[in-house]
Every structure is written in C-alpha cells, then in structure tokens.
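Trainee: The structure is given below, and queries will be raised subsequently.
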Amino acid sequence: MIPRYSRPAMAAIWSPESRFRIWFEIEAHATTALAKIGVVPKEAAEKVWEKGRDAVFDVARIDEIEAVTKHDVIAFLTHLAEIVGPEARFVHQGMTSSDVLDTCLNVQLTQAADILIADLDALLAALKKRAFEHKLTPTIGRSHGIHAEPVTFGLKLAQAYAEFARAKERLIAARKEVATCAISGAVGTFANIDPRVEEYVAEQMGLAPEPVSTQVIPRDRHAMFFAVLGVIASSMERLAIEVRHLQRTEVLEAEEFFSEGQKGSSAMPHKRNPVLTENITGLARMVRGYVTPALENVALWHERDISHSSVERMIGPDATVTLDFALARLTGVIDKLLVYPANMQKNLDKLGGLVHSQRVLLALTQGGVSREDSYRLVQRNAMPVWRGEGDFLTLLKADPEVTAVLKPEQIEECFDLGYHLKHVDTIFSRVFGEA
C-alpha cells in the first residue's frame, strides 16, 4: 500500500493490529464454542476473553517470535499465551493455521467490500445528480472518435450510472461469495474439531460455514472477488477516458475542476491538465493487474499448499486500498466537473449539419428512393461539407435529385435537433426508475 493512494479506513483493515485482533476473535470464539460442547473448561474460555478482549497485541513482539519460529500463527499464539497465561493451552484446539488465516482474510475482504459498496453509492449519487442536471444538454455523440449523431450529456452520465449500478450488484454478490468461514482442521475433515465450532465462529464473525474447505477455503471465491474489482476498475477507466477526451483543447466540452492556486505544469503556466482522470486510468491498470494472480491462486496442490499466501498478502490490501482511493477520486471529479454547454453546441455545429445525414437518408427512402441511391445522394452532398466547401442544408436544397423527392420544408425538418432527444425520458426512466 502506498500512502499517496490510500485512505485511512480501508488501510486500517489491513494493518497488523487489525489482523491480529481478528485472529484473536476467531481463536476466542472457537474456544468459547469448544467450551459450550464440553471440550475445554468454560473458565478457560472466559479467561481468554477476559485477558484478550482489551489487549494491545505487540506487533514487534510477534515479529520477534516469528523470526525464530518462522511461522506467523505460532508466533501470534505464543504472544497470546504471554497475555492469557496457562489457560492459553486450550486455544487453537484441533485447529490449523489456515482456519485462522483464511477466515481472517474473508473477514477483511467483506469489510473492504462494505467500504467499496459505500464508495459506489457515493459515485452513483454524483452521477445521478449531474445526469439530471444535463439531461437535455445537447452534445455530439462520437463513434470511432468522429462526430456521429446528437446525444445529451445527461445520457453520457446515465450510461455511466447504469454501468456502476451493475458494478454494485456484482460486488454485493462477490462479497456474499467470499464471506465464508473455515474451522475444519487439518485437510478439512473436522477430525479433531467439531463442525459446531465452525458454525459458531462463522455466526459470530458474520460469515457462513464453508461447505468443503479441504483445510483451505477454495480460491475460486477469491478469484471472483478480485475479478469483480477488475471489472469495476475498467468501468472507472472508461469514464475517466471520456472526461480526458472531453477536456482536450480541441474539444473542451467538460473539464476537471481547477482549484485556486493549482498548477498544471512546471514549465507552462497556462496548462490545465486532466491529472485526476489520468491518475484514475493508471490506478485502474493496477487493480486489473491483481486479477490474474487471483485466478492463478485457484489451482493449489491436493488439499492445500501456500502458493496463494504471498499473493494474497499483496493483492488483498493493494487492490482494495487502490480501488477505494480511485472511486473516491472519481466521485470528486464527477461532482465538481466543469461542463460547457456552449462548447458542446459549437462542436455540434462544427460539421455544418452533417450530423443529420441519417435523417435525410431515411426521408429519401420513405420518399421512394432505393437505399443505395439515397445513400449516394446524401454522401454526394456530405463530402464537400466535410472538406469545408459549403453547408449541408444548402447543398441538399440545391440538388435536383434530392428536391425531386423532398420539399425544402421536408429537408429542413430533417435538421431538427429535438428529434434526437425525444426518447431521453424513456432512457432515464429505464436507468433511474423515474418519470
């Protein structure tokens, strides 16, 4: 995790202090469950909670022990015994390290998912607000980067809203899928620990028991989780690139907010660069980069190995912390985005009416001209305009083959901008569920 791209709440989930606190809760709940079924003394379980509930686990001390044991869970249990005393011998009864590590990881991932879902809610709110603000603000739609036909800026934002609404649904599903607990012992057979212990710990930790854990929780669950994060990152990049293109000097239809005192370039004082959306683009690449290692973690040897462990120690914190930061940044970009309707109209008019070519084409076909000939007539008048040699409407009105089919007022009707916006309400009701 890099502090520059971290926010405190998400980073705290992955701190050693948080990890050891979760480890303690897993062990303590398991000890309580063992006491409930008569495997360990009730007094021992109570002592574990009494001594450990408010304890501050010494990270440096645990690291010191691990330097000797070369085993992180044993180091933690040794330190816990220093805190709890003799009753600590009843901790970890019948359990294996993966029971603690895997259950902890899934607790952390669900906590991270909750923050990310809240981040998506904030982004959705910003997109909805700005979409309704510019619901009928006309702008040019582009295909292949070239002017196509009119849309509205609100529709651009509505599309992003719908995409991130799907992202939220996927993340909720991924959270549910990864929210499982394994307290099944070596190779997952429950030979030395009762399945009721797992059920109790799962309930206490807000998880569901893993049906078959084979000592480790199956990593297809985690692969799906990180894949969803990767898709969210791709959606973020899509929106970020749109803003970057719209901010280009030749376009300038929208622009990142530029604060008082902000500097765009060390060399050129006039510069106002899309640095936030460029940053989001880069962060999205990083989040996607964590997907492949998560997919490769699915294939472990037999019942378990630890080839996944080092991967998850990196991608768990990095992917969630990075995505959290990027989502918050994107929300800020949308919330403060500077929008220039006059420039949008200027760009709409830039091609001298060519954006209405399809309406003329369709009008000619409705008038009895074959599609092939209609296309030829429209393109014949469009190409000079493309070269800057006239106005599309004027050329059409002067073309005898066109006027033989369409009256001047029929041609003019094809240039009505409002025609392209007549179903905006329908699209908005589909996206936002509002009239």
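Trainee: Using θ = phi - 60° and the Karplus curve 6.51 cos²θ - 1.76 cosθ + 1.60, what whole-Hz ³J(HN,Hα) does each residue of segment 95-108 get, with Gly and Pro shown as x?
Mentor: Once θ is set to phi - 60°, the couplings for segment 95-108 become 9, 10, 4, 4, 4, 6, 5, 5, 5, 4, 4, 6, 4, 5 Hz.
Trainee: Turning to a different aspect of this structure: Work out, step by step, the length gained on full extension between residue 268 and residue 136: first 0.36 nm times the residue separation, then minus their alpha carbon distance; give nm to one decimal.
Mentor: Between residue 268 and residue 136, full extension yields 43.9 nm more.
Trainee: Could I ask something else about it? Let me check I've understood the local charge: for residue 51, count other residues with C-beta under 11 angstrom from its C-beta, Lys and Arg +1, Asp and Glu -1. What total comes out?
Mentor: So the surrounding residues net to -3.
Trainee: Another one. Ranking request for peptides 323-330, 96-103: highest mean number of other beta-carbon atoms within 10 Å first, then the rest in descending order.
Mentor: 96-103, 323-330
Trainee: Further question: Find the relative contact order for the chain and round it to a whole percent, using C-alpha pairs within less than 8 Å whose residues are 6+ positions apart.
Mentor: In percent, rounded to a whole number, it is 17.
Trainee: Assuming 0.36 nm per residue, please report the length gained on full extension of the stretch residue 114 to residue 302 beyond their Cα-Cα distance.
Mentor: Full-extension gain reported as 64.4 nm.
Trainee: Same structure again: Send over a whole-number figure in Å² for the accessible area per residue of the chain, probe 1.4 Å.
Mentor: Per residue, the chain has 48 Å² of solvent-accessible surface.
Trainee: Further question: Could you tell me which GluC sites (Glu not before Pro) in segment 296-350 are loop residues by DSSP with no more than 16 other beta carbons within 10 angstrom of their beta carbon?
Mentor: Passing sites in segment 296-350 are 303.
Trainee: FRET efficiency for residue 370 and residue 345, Cβ-Cβ distance as r, R0 = 45 Å, nearest 0.05?
Mentor: On the way: r = 35 Å, r/R0 = 0.78.
My answer for the efficiency is 0.80.
Trainee: Using a 7 Å offset from the Cα along the Cα-to-Cβ direction at both residue 248 and residue 419, what is the distance between the two label points in nm, to one decimal?
Mentor: Calculated label separation equals 2.8 nm.
Trainee: Separation of segment 23-78 and segment 231-251 by C-alpha centroid, Å?
Mentor: 49
Trainee: Under the rule of at least 5 residues apart or a separate chain, name every residue whose amide H is placed under 5 Å from the amide H of residue 139.
Mentor: The answer is 151, 152, 153.
Trainee: Which order do the peptides 58-67, 262-271 come out in when sorted by mean C-beta neighbours inside 10 angstrom, highest first?
Mentor: Details: 58-67: 14.1, 262-271: 9.4.
Listed from highest to lowest mean packing, they are 58-67, 262-271.
Trainee: Rounded to the nearest percent, how much of the accessible area of the chain (1.4 Å probe, protein heavy atoms only) is carbon and sulfur? All intermediate terms of the calculation are to be shown ahead of the outcome.
Mentor: Details: 11590 of 21070 Å².
Looking at the chain in its full context, I get 55 percent from C and S.
Trainee: Give the shape of segment 340-435 as rounded, prolate or oblate, defined through the alpha-carbon gyration tensor: a ≥ b ≥ c are the square roots of its eigenvalues, a/c under 1.5 means rounded, and otherwise the shape is prolate if a/b is larger than b/c and oblate if not.
Mentor: Working: a/c = 2.60, a/b = 1.51, b/c = 1.72.
Since a/c reaches 1.5 but b/c is at least a/b, the shape of segment 340-435 is classed as oblate.
Trainee: Moving on. What do you get for trypsin sites (Lys or Arg not before Pro) in segment 364-435 restricted to DSSP loop and a cutoff of at most 14 other Cβ within 10 Å of the site's Cβ?
Mentor: Values: sites: 371, 376, 380, 387, 397, 422, 430; in loops: 387, 422.
Taking segment 364-435 and a limit of 14 other Cβ atoms within 10 Å, the loop trypsin sites (Lys or Arg not before Pro) found are 387, 422.
Trainee: Between residue 53 and residue 67, with labels modelled 7 Å along Cα→Cβ, what's the label distance in nm to one decimal, could you check?
Mentor: 3.5
Trainee: Working out 0.36 nm times the residue gap between residue 121 and residue 148, then minus their Cα-Cα distance, what length gain in nm do you get to one decimal?
Mentor: 6.5 nm
Trainee: Order 20-30, 405-415 from most to least packed using the mean count of other Cβ atoms within 10 Å.
Mentor: 20-30, 405-415
Trainee: So how far, in whole Å, is the C-alpha centre of segment 163-230 from the one of segment 323-358?
Mentor: 42
Trainee: If you take the square roots of the eigenvalues of the alpha-carbon gyration tensor of the chain and sort them as a ≥ b ≥ c, do you get rounded (a/c under 1.5), prolate (a/b over b/c) or oblate? Display every interim value, and only then the final one.
Mentor: Working: a/c = 3.62, a/b = 2.72, b/c = 1.33.
Taking the square roots of the gyration eigenvalues as a ≥ b ≥ c, the chain is prolate.
Trainee: I've got another one for you. For residue 128, list the lysines whose Cα falls under 16 Å from its own Cα; do not include residues on the same chain fewer than 8 positions away.
Mentor: Of all the lysines, those that pass the test against residue 128 - Cα under 16 Å, at least 8 places apart if same chain - are 156, 168, 336.
Trainee: Calculate one ³J(HN,Hα) per residue across segment 120-133 by plugging θ = phi - 60° into the Karplus curve 6.51 cos²θ - 1.76 cosθ + 1.60, and present them in order as whole Hz with x for glycine and proline.
Mentor: 5, 4, 5, 5, 4, 5, 5, 5, 5, 4, 6, 5, 5, 4
The values are calculated or read from the model by the stated rules, or taken from the named source; none is laboratory data. Source: prediction; values computed, not measured. Reconstructed Cβ throughout: ideal geometry from the backbone, glycine too, with neighbour counts over all protein chains shown. Side chains are part of the model used for accessible areas, which takes the heavy atoms of the whole protein and leaves out ligands, DNA and RNA. Shrake-Rupley method; radii C 1.70, N 1.55, O 1.52, S 1.80 Å.
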